[in-house]
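What follows is a set of notes on a single structure, which appears directly below.
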Amino acid sequence: MYKRQDQKQHAPGVQGRRAGAFYEVFHKGSTYHLRNSEFRVFSLLVCGGMWSTFDIAERLSIPDPRSTIRYLRNMGIDVSDVWVREKVRDSILKFKRYFIHEAV
């Protein structure tokens, strides 16, 4: 016989977004605990260059890195951006390029 439960069952011990493995990163005098996707985006940005959302997504196989960049910013990591305009065929594209300044 089928028995209906009114409460959702949760996996035991799950601590929300911070559950699971993380990387400990020391950057500009602070220590950060980053999940895998956050660590990969951070590593790419800190290595230099200015990366568009499309470039990051293609290189790291992340569907939409903007939320990961938002998490990095909320943690206190200074992810900078600059608006770029490029002419492609007959249209002008406007998008952001993201980067992290080197540690001082």
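The values are calculated or read from the model by the stated rules, or taken from the named source; none is laboratory data. Computed from a prediction, not measured in an experiment: that's the story for all the values here. Counting neighbours? That spans all protein chains shown, and the Cβs are built from the backbone with ideal geometry, glycine included. Areas reflect the complete protein model, heavy atoms only, side chains present, ligands, DNA and RNA absent. Shrake-Rupley method; radii C 1.70, N 1.55, O 1.52, S 1.80 Å.
Of all residue pairs spaced 6 or more apart or on separate chains, those with beta-carbon atoms under 6 Å, a first member in segment 36-52 that is open to solvent by 30 Å² or more (accessible area, probe 1.4 Å) and a second member that is modelled with pLDDT of 95 or more and not in a helix (DSSP H, G or I) are Met50/Arg97; Met50/Phe99; Trp51/Tyr98. Please find, within segment 1-51, the residue that is modelled with the highest pLDDT out of those that are of a type in the set (Val, Ile, Thr) and in contact with a strand residue (DSSP E or B) (Cβ under 9 Å, 6 or more places away or on another chain). Applying the filter and picking the extreme gives Val41.
Only a single criterion out of (1) in contact with a strand residue (DSSP E or B) (Cβ under 7 Å, 6 or more places away or on another chain); (2) hydrophobic (A, V, I, L, M, F, W, C); (3) closer than 24 Å to Ser30 by Cα is not satisfied by Leu93, namely (3). Taken over segment 60-75, the criterion of being within 20 Å of Glu102 (Cβ to Cβ), touching a residue at least 12 places away in the same chain (Cβ under 8 Å) and open to solvent by 50 Å² or more (accessible area, probe 1.4 Å) is satisfied by Met75 alone. The residues of segment 52-90 that are in a loop (DSSP other than H, G, I, E, B) and either within 20 Å of Val25 (Cα to Cα) or modelled with pLDDT of 95 or more (or both), listed by number, are Pro65, Gly76, Ile77, Asp78, Val79.
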